[in-house]
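**Student:** Dumping the structure here so I can ask a few things about it.
A short reminder: the numbers here are calculations on the coordinates, not readings from a lab. Note that the structure is a prediction, hence the values are computed from the model and not measured. All Cβ positions, even for glycine, are placed from backbone atoms using ideal geometry, and neighbour counts span all protein chains on display.
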Amino acid sequence: MPESENQKRLTINDPVAPTILSKLENLDRVRMELAGQLLDLEQQKVSILAAAHQIDQQRSKLFDNVLLERGIDPKTLVQVDSKTGGISVRKESDVTTV
């Protein structure tokens, strides 16, 4: 008889071998560690997004003040020349939408 036929076929009543239990426990532990690392990354992501939002708000306020100082409604579409600092009002037709 082949060796596999000599081995006793396990049933649902047979316990799982301690080596397999140990491996399963290890895998669960590593999985939980990865879950913790993912949670840490998500918390860092939230902090970064909050900081970026604050920067965007400050930039928007600064830009609005630049326009208001010149008597331009902050909702007006403008273009600022990065070399000269000159401001030009853009027409709706100049704006390309994607």
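**Student:** Work the Kirkwood hydrodynamic radius out for the chain: mean of 1/r over every pair of different alpha-carbon atoms, inverted, in Å.
**Tutor:** For the chain, the Kirkwood estimate is 20.7 Å.
**Student:** Using only Cα atoms, find the angle between the long axis of helix 18-69 and the longest principal axis of the chain, and express it within 0 to 90 degrees, rounded to the nearest 10.
**Tutor:** 0 degrees
**Student:** With +1 on each Lys and Arg Cβ and -1 on each Asp and Glu Cβ, and nothing else charged, work out how big the dipole of region 16-94 is about its Cα centre, in Debye to the nearest 20.
**Tutor:** 140 debye
**Student:** If contacts are Cα pairs under 8 angstrom and at least 6 residues apart, what is the relative contact order of the chain in percent?
**Tutor:** Result for the chain is 10 percent.
**Student:** In the chain, how many lysine pairs have Cα atoms under 22 Å apart, counting only pairs 8 or more places apart or on different chains?
**Tutor:** 4
**Student:** Got a sec? Charge dipole of the chain, +1 on Cβ for Lys and Arg, -1 for Asp and Glu; which of Ser88, Gln57, Met32 is way out at the positive end?
**Tutor:** The residue sitting farthest along the positive end of the dipole is Ser88.
**Student:** With n ≥ 4 as the cut-off for DSSP H runs, can you work out [θ] at 222 nm for the chain, using -39500 (n - 2.57) per run divided by the number of residues, rounded to the nearest 500?
**Tutor:** Taken over the chain, the calculation gives -20500 deg cm²/dmol.
**Student:** Val78's amide H: which non-local residues (gap 5+, or another chain) put their own amide H closer than 5 Å, with H modeled 1.01 Å from N in plane and none for Pro or chain starts?
**Tutor:** Here the answer is Arg90, since their amide H atoms fall under 5 Å of that of Val78.
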